[in-house]
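The next block holds one structure in the form of C-alpha cells; read it before the comments.
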Amino acid sequence: MNARQDLPSSVTQPRLEPRPLDETVYARAQLEGLNELQARLLASRLPGYQGALTPLVAPSLRYLAHPEKLADGRRAAERIAQAVTEGESIGILTDYDVDGITSHVVIRRTLVELFGVPEARLHSLIGHRIHDGYGISLPLVERTLSLSPRPTLVITADCGSSDEPRIARLKEAGIDVVVSDHHALAVEGPPGSAYACVNPTRSDCTYPDKTIAGCMVAWLVMSLARHVLIEWGALPEATPKLSPWLSYVALGTVADCVSLGGSPANRAVVSQGLTLINRMDAACWRAMAQRLGQDSMPFNAETLAFQMGPRINARSRLDDPYAALHFMLAESDAIANRQLDVLDDDNQSRKAIEADMAQEARALAAVELAADATALVVLLEDGHPGVQGIVASRLVQAYGRPALVLTRAAQPGMLTGSGRSIDGLHLRDALQRTHELAPEALPRFGGHSGAAGVGVPREQLAAFKAAFLQAVNEQLGDTPLYPRLWTDGELSSQQLTLATLDDIDVLGPYGREFDPPLFEGRFIVEALRPVGADGSHLMMELSHGPVTCKAIWFRALTPGELPSFDVGDTLHCAYKLNRNRWRGRESLQLMVEHARLA
Ligand SMILES: [Mn+2]
C-alpha cells in the first residue's frame, strides 16, 4: 500500500493475474495420478513442456545425461587427468559469485581429496569484483603469470567463454586453458586459444540440458576426469564418486538463478544436494543452520537462495571473495563460524547500501516512468558497483519493466552496470542489438536472457540509452508493461490446511521458472497488529468462510505509516502457505505478499 512518489497506482500497484495453464500438461499430470491442485501447479509452470513428467516431479540423478555428451568434455577431462598424473601445477580460476565459489570448491576438493593432488601444486585464482572484473581478466592473467611454480594448466569454471584475448596470452606463455562455463558464447563461437571449452550452450554440444549452472558444468567435467583417470589405471576403480559435492552444486545452481522449471538436471541436483546438505556433514552447513536457528531446518531451495547465497555474494560484492571460499571449505565449526561472522557483517553493510541505492534508483526511475519508458536505465553516481544487480531486480519487481543500474567504473570515463529483465525480453539479445545500433556506446557486455552486465563510456550514455530503448521496443512491440504478481488462483476454505502444503511440497524444489505457489483470495480481517522493531510488519488473523488462519505480512507498511484498513474489512490478498513451528507444534500460516481493500 506504500505510495511511491507521485506515480499513478496503475504504475506502482501490482496486478494479480492467474498464471496461464497448459491444458495438455494439466490433463497428463492428472492421468499420472497427481491431484487437481498439483496438476494446476505443474501446468502453469511448464508451458509447452512435452518431456516426461516423472523426472521433474520425482527428481533423480538417474535422469542426468552422461558428461561425455558435453562437446570438448572428453578433451577437457583428459587434459586435467594428464596434469594430475604428470604432477603439473594447476590454477583454478573462477568468478567471485556463489556459482564461481561453489565451482571452485568442487574442483579443488576433487583434485585434492579424490585425485591426491598436493595443495602446494594448486593455485586458487578468484577475481576481485571491483579491481579485476569478471572472468579471465587482465589482472588475473598477470597474477597467473607471476605465480611460482607457474601453472601449466588453468581450469576455469563459470567464466572464460568470451575471454579469447586473455586466453591467447596464457597460451603464448605455455599455459593450457580448459574453460568450463555456461555463459552465452560470443558470436564468433568458443575461444579459439582455449585447449578445450566445455559449455552446454555451444551450438555443437549435445548435452540435453542447456540451462545447467557453472558449478554443474565443473562437476560434470571433474566427474569425467575421474572416469578417465580410472580408465588409465592412474586411480583405483574404488575411487569415490563426486556425489557428495552435489551439496555445493545445489547451492550454486539455486543462487545462480538458472531454471528449475523444465530441467531434470537442475531439479535432480538441487533435490539431491538438499538431502546431502540436511545431513549437515560439512561445517559450513552446520554453522549456517546454527545461525538461522532451529526453525530453518530442514534447508530448502529458498534457504539456499535467500540465506546462504546473499551471505556468500555479499563478501565478494564488497571485499575480496576468499572469505567465502574459506567458509565453504572450513574444516571445523569454529573456523566456519568465524568466517560466517565476516560474511554476516558484509551482508549487513550490503543491505544498508542496497536500501540507499534502491531509494535513489526509484526516484530516478520515476522520471523515466513518467515518460513511459519501456526500460529503466538509471545512473547512480555514488552507487556501489557490487549491488547494481540487486537494485535492478528491485526496479523490475516494482515496475514490471526491464532495468539497468549503472555506477562509475574503476576505469576513468567508464560506467559499469547490471541489468535484470522481465519474462518477455531476452536481455542479452537486446544488448547485442544495442551494440549493432551503437557499437561505440556499448563496447562491453555479456549475460543471459534474464540478467546481464554492461560497460558504457560515460560520454556515450545518452546514445546508449537511446539505442537500448530502441532494441527493447523492437523486441517487446506493444506488450503492456506493469508490475504483475502471477498467482495460482484461489484455494477453497477446506484447502487451507497443512495437508495442502504437503501436496505442494512434494512437487519441490521451487525456484526460478518454478515459482513457489502464490494464491489469491478474499479474506475478512479478524485481528490486526503491527509488529517488528519499526512496526512495519502486520500480524493478522484472516477468515475465509468458516476457517480462520494466522497471517503475517512483512514490510506491509513504511515505518510510521498506519494500516489503511481495519478489523471487519475485506482484503483481496496474494499469499503463500507456510508451516509455522512453535514449541514443537505445527500450524498453517498465510504469508501475505500483497493485499488491498476488496
Ligand atoms: Mn554462473
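The values are calculated or read from the model by the stated rules, or taken from the named source; none is laboratory data. Just so we're clear, the structure is a prediction, and the values are computed from it rather than from any experiment. Neighbour counts run over all protein chains shown; Cβ positions are idealised from the backbone, glycine included. Note: areas computed on protein heavy atoms with side chains; ligands, DNA, RNA excluded. Shrake-Rupley method; radii C 1.70, N 1.55, O 1.52, S 1.80 Å.
Return the residue satisfying two criteria in turn: it lies in the stretch 59-82 and is within 22 Å of residue 202 (Cβ to Cβ) and assigned to a loop (DSSP other than H, G, I, E, B), and of such residues it is most open to solvent (accessible area, probe 1.4 Å). Looking at the filtered set, the residue picked out is 66.
Candidates are the residues of the stretch 565-592 that are surrounded by 12 or more Cβ atoms within 10 Å (Cβ to Cβ) and at pLDDT below 95; the one that is farthest from residue 486 (Cα to Cα) is 581.
Could you tell me which residue of the stretch 172-187 is modelled with the lowest pLDDT, considering only residues that are of a type outside the set (Val, Ile, Thr) and within 16 Å of the ligand (Cβ to nearest atom)?
184
Scanning the stretch 188-211 for residues that are open to solvent by less than 40 Å² (accessible area, probe 1.4 Å) and within 14 Å of the ligand (Cβ to nearest atom) yields a count of 3. Of all residues in the stretch 361-415, which are open to solvent by 10 Å² or more (accessible area, probe 1.4 Å), in contact with a helix residue (DSSP H, G or I) (Cβ under 9 Å, 6 or more places away or on another chain) and closer than 14 Å to residue 451 by Cβ? If the condition is that a residue be open to solvent by 10 Å² or more (accessible area, probe 1.4 Å), in contact with a helix residue (DSSP H, G or I) (Cβ under 9 Å, 6 or more places away or on another chain) and closer than 14 Å to residue 451 by Cβ, then 390, 394 are the ones that fit.
Restricting 102, 94, 85 to residues that are farther than 26 Å from residue 509 by Cα, buried (at least 23 other Cβ atoms within 10 Å of the Cβ) and of a type in the set (Ser, Thr, Tyr) narrows the list to 94.
Could you tell me which of the residues 87, 33, 48, 116 is part of a loop (DSSP other than H, G, I, E, B) and either within 16 Å of the ligand (Cβ to nearest atom) or in contact with a Lys or Arg (Cβ under 9 Å, 6 or more places away or on another chain) (or both)?
Residue meeting the stated conditions: 87.
Taking residue 144 as the residue in question, decide whether it is within 16 Å of the ligand (Cβ to nearest atom), open to solvent by less than 20 Å² (accessible area, probe 1.4 Å) and either in contact (Cβ under 8 Å) with a residue 60 or more places away in the chain or assigned to a helix (DSSP H, G or I) (or both). Taking the combined requirement at face value, the residue does not satisfy it.
Taking the stretch 401-417 as the range and being closer than 30 Å to residue 10 by Cα and assigned to a strand (DSSP E or B) as the test, the residues that pass are 403, 404, 405, 406, 407, 417.
Within the stretch 225-248, is there a residue that is crowded, with 24+ Cβ neighbours inside 10 Å, modelled with pLDDT of 95 or more and within 16 Å of the ligand (Cβ to nearest atom)?
There is at least one residue in the stretch 225-248 that is crowded, with 24+ Cβ neighbours inside 10 Å, modelled with pLDDT of 95 or more and within 16 Å of the ligand (Cβ to nearest atom).
Condition check: within 23 Å of residue 313 (Cβ to Cβ) and not in a loop (DSSP other than H, G, I, E, B). Does residue 159 satisfy that?
It is false that residue 159 is within 23 Å of residue 313 (Cβ to Cβ) and not in a loop (DSSP other than H, G, I, E, B).
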